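Have a look at this one.
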């Protein structure tokens with residue numbers, strides 16, 4: 001996995017989604033089960049990912065497995081970029 005990409009996603013989560021949540025291990029804790037990302041938060045995250053990584057995320061890709069951890073998000077972004085899903 002691209003550790004630089006994962007690091008960028010962790011930074012994005014820390015700054016934009018959870019600035020006050022130092023208790024979260026972004027690689028091992030479920031971002032969904034921890035309440036870090038809720039139904040409204042997923043839309044903010046998707047918007048940030050689309051803008052930051054020049055990808056387009058469709059509604060049918062809003063699956064929990066794609067957003068469970070920072071590593072899962074990084075794998076999803078890499079898949080989107082490799083599949084040519086650029087805007």
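What follows draws every value from the coordinates through simple rules; no lab data is involved. In this text, all values refer to a predicted model and were calculated from it rather than measured experimentally. All Cβ positions, glycine included, derive from the backbone under ideal geometry; neighbour counts span all protein chains shown.
Any residue that is out of contact with any strand residue (DSSP E or B) (no Cβ under 8 Å at 6 or more places or on another chain) and in a helix (DSSP H, G or I) - is there at least one of those in the range 16-35?
Yes; the residues of the range 16-35 include at least one that is out of contact with any strand residue (DSSP E or B) (no Cβ under 8 Å at 6 or more places or on another chain) and in a helix (DSSP H, G or I).
Could you check residue 57 against (1) assigned to a loop (DSSP other than H, G, I, E, B); (2) touching a residue at least 40 places away in the same chain (Cβ under 8 Å); (3) in contact with a helix residue (DSSP H, G or I) (Cβ under 9 Å, 6 or more places away or on another chain) and say which number it fails?
Only one criterion in (1) assigned to a loop (DSSP other than H, G, I, E, B); (2) touching a residue at least 40 places away in the same chain (Cβ under 8 Å); (3) in contact with a helix residue (DSSP H, G or I) (Cβ under 9 Å, 6 or more places away or on another chain) is unmet by residue 57, namely (2).
Also, I was wondering about something else. I'd like to check something: does the range 4-14 contain any residue that is within 12 Å of the chain's Cα centre (by Cα) and outside any helix (DSSP H, G or I)?
no
Is it the case that residue 37 is surrounded by 16 or more Cβ atoms within 10 Å (Cβ to Cβ) and without any contact (Cβ under 8 Å) to a residue 40 or more places away in the chain?
Criteria met by residue 37.
Hey, residue 51 hits all of (1) farther than 12 Å from residue 13 by Cα; (2) within 11 Å of the chain's Cα centre (by Cα); (3) part of a helix (DSSP H, G or I) but one; which does it fall short on?
All conditions are met except number (2).
Right, another one. So how many residues does the range 1-29 have that are touching a residue at least 24 places away in the same chain (Cβ under 8 Å) and either crowded, with 16+ Cβ neighbours inside 10 Å or farther than 23 Å from residue 80 by Cα (or both)?
10
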